[in-house]
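One structure is given below, encoded as structure tokens.
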């Protein structure tokens with residue numbers, strides 16, 4: 001936000017009113033309060049969702065072709081991938097076990113959720129605000145690829161908690 005020359009309340013209000021974030025918050029609130037949507041609306045939203053994800057993935061893949069990777073960016077992306085794939089789930093495991101004393105099943109769910117690949121919505125926000133687009137796209141691609149192995153590894157680790 002500051003990179004784009006916007007500061008203060010205006011830049012924060014712009015992020016707070018972003019349609020992507022509003023949709024996420026709205027969906028979470030609907031789920032939290034157990035509101036059921038009319039069948040026609042739920043069906044329409046599902047249809048949009050089924051179409052949107054493949055389109056976004058094509059856009060992400062196409063955008064990767066435009067980015068140049070130098071050694072510094074590769075080191076940065078490698079570090080971010082390590083934190084996402086190993087560090088974040090490990091921190092969740094430690095916090096769940098020793099700080100909150102969660103049950104085995106709660107810890108397993110938390111760690112596996114933290115081990116999932118980075119979501120595509122992160123790229124949409126990076127693209128919208130023109131910040132760290134190359135790194136974000138690379139981390140999404142890398143974390144998705146790494147998760148094929150890392151999710152199995154984390155499943156093996158957390159299965160021993162039972």
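Annotations
- Theoretical gain in end-to-end length, residue 21 to residue 144 [0.36 nm per residue, Cα-Cα removed]: 42.1 nm
- As a length-normalised measure over Cα pairs under 8 Å and 6 or more apart, the relative contact order of the stretch 69-159 settles at 36 percent.
- Each residue in 12, 123 was given a count of other beta-carbon atoms within 10 angstrom of its own, and listing them fewest first yields 12, 123.
- Annotation: extensible slack from residue 157 through residue 33 equals 41.2 nm (criterion: 0.36 nm per residue apart, minus Cα-Cα distance).
- Working note: Cα atoms of the stretch 69-162, range along each principal axis, descending, whole Å: 43, 24, 19.
- Relative contact order of the chain, pairs being alpha-carbon contacts under 8 Å that are 6 or more residues apart, as %: 25
- Protection proxy ranking, highest mean first, for peptides 27-36, 49-58: 49-58, 27-36, where packing is the per-residue count of other beta-carbon atoms within 10 Å, averaged.
Just so you know, all these numbers are worked out from the coordinates, no wet-lab data involved. Quick caveat: nothing in here was measured; it's all calculated off a predicted structure. Cβ: placed from backbone, ideal geometry, glycine included. Neighbour counts: every protein chain shown.
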